[in-house]
1. Give the residues of the stretch 1-16 whose amide nitrogen is closer than 11 Å to a point set 7 Å from the Cα of residue 61 in the direction of its Cβ.
2. For Rg and Dmax of the Cα atoms in Å, several values are listed as (i) 17.8, 57; (ii) 18.2, 60; (iii) 17.2, 62; flag the one computed from this structure.
3. Can you run phi through the Karplus equation (6.51, -1.76, 1.60; θ = phi - 60°) for the stretch 66-80 and list ³J(HN,Hα) in whole Hz, with x for Gly and Pro?
4. Quote to one decimal, in nm, the extra length available between residue 156 and residue 2 on full extension: 0.36 nm per residue of separation minus the C-alpha distance between them.
5. Quote the charge dipole size of the chain about the Cα centre in Debye, to the nearest 20; the model charges only the Cβ of Lys and Arg (+1) and of Asp and Glu (-1).
6. Mind listing the phi-derived Karplus ³J(HN,Hα) values for the stretch 92-109, rounded to whole Hz, using 6.51, -1.76 and 1.60 with θ = phi - 60°, and x for any glycine or proline?
7. Using DSSP to call loops (not H, G, I, E or B), can you name the trypsin sites (Lys or Arg not before Pro) in the stretch 69-160 whose Cβ has at most 12 other Cβ atoms within 10 angstrom?
8. Give the peptides 183-196, 148-161 in descending order of average Cβ contacts within 10 Å, highest first.
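Computed from the coordinates by the stated procedures, all read-outs in this text should not be read as laboratory data. Owing to the predicted nature of the structure, the values given are computational and were not obtained by experimental measurement. Please note: Cβ atoms are built from the backbone with ideal geometry, for glycine as well, and neighbour counts cover all protein chains shown.
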Amino acid sequence: MNAISPTEYLAPDVPGSLPWQDVPLVRATKESLRGYGCLVDDYHDYPIEIVTWPQPGRRAIDPGTGNEGGTTHGNFDFWWEGETLYGKNQAVASNHYLLGWSCNPADVKKEPDMRPDRSRVLLWHANYHPDGGQLFFPLKGEAFVCPLALPGDDVRPAQFVAFYVEGGKGLYIHPNVWHEAVFPLAARASFYDEQGKVHARISCNIAKEFGVFLNVPLRGVR
C-alpha cells in the first residue's frame, strides 16, 4: 500500500462522501485494553517500550544494541475548527494533521457554525509505530476517545474499537497497535505525548483502501 505524505495529512485524498463503518465505543479498563495498551495515572517517567531493530539476516543483533534511540516527547494539541478536527504533535517533525470530520467532508459547512455537531469523528486514516509505544496524557485532565486495532497489516475497518478514557487518566499504546491520535471531548485540549524517537510510521488510508470512513462516536460509552 502507498505511504502517506505530510502534505496529504492536511489535505486527505479521499472522496467527499462515503459510507460510515460504525466503531463500537467501550470504556477503557485494564481488562478491555488488554493487548492494546494500558491506562496511565502519572505520565512522569512512564516506561515506553522501544523495539529492537529487526534482524536483517541470519546473524543476530548484538545484545544491548538496536534499541538505543530512546524517546521523544512534547505537547500534542487538538482542536476543532467547525466540523473538522485537527492535531499538531510537537514531539515529531511531520506534525500537523487533519484527523477527521463530524460529517462527510463534502457536507462540512463553509461558514462558521455556532453549534457544530461534534458527537463523532469520521476517521479516514490510521497508523502504527513499529519502533516503540506511545503515551498520551491530558494536561488538564480532559476525557478522550481513542480508536485502536490489534497488530497486523491485514487490518480491517471492523476490527477497530474506540476506547473512552475518563478524565484524569492517560493512555499508553503498545508498539504495532493501530491507532490515530486521541479525540478529546473538549473543543480544544493539549496532551503530553511520548513515543519512540525513530518515529517509524506505517499508515492505512482507510477511505481509499476500504471505501468507508470509520464512525468513531464521542458519546454513549457503555
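1. none
2. Structure-derived value, by its label: (iii).
3. x, 9, 9, x, x, 10, 10, 8, x, 7, 10, 9, 10, 7, 8
4. Numbers: separation 154, 0.36 × 154 = 55.44 nm, distance 1.64 nm.
Taking 0.36 nm per residue and subtracting the Cα distance, the gain is 53.8 nm.
5. Numbers: 20 positive and 26 negative charges, 67 e Å.
Here the chain has a charge dipole of around 320 debye.
6. 10, 6, 7, 10, 10, 9, 9, 7, x, 9, 8, 8, 4, x, 5, 9, 4, 5
7. Details: sites: 88, 109, 110, 118, 120, 140; in loops: 109, 110, 118, 140.
Of the trypsin sites (Lys or Arg not before Pro), the ones in loops of the stretch 69-160 whose Cβ has at most 12 other Cβ atoms within 10 Å are 109, 110, 140.
8. On the way: 183-196: 20.1, 148-161: 15.9.
Top to bottom by mean Cβ count within 10 Å: 183-196, 148-161.
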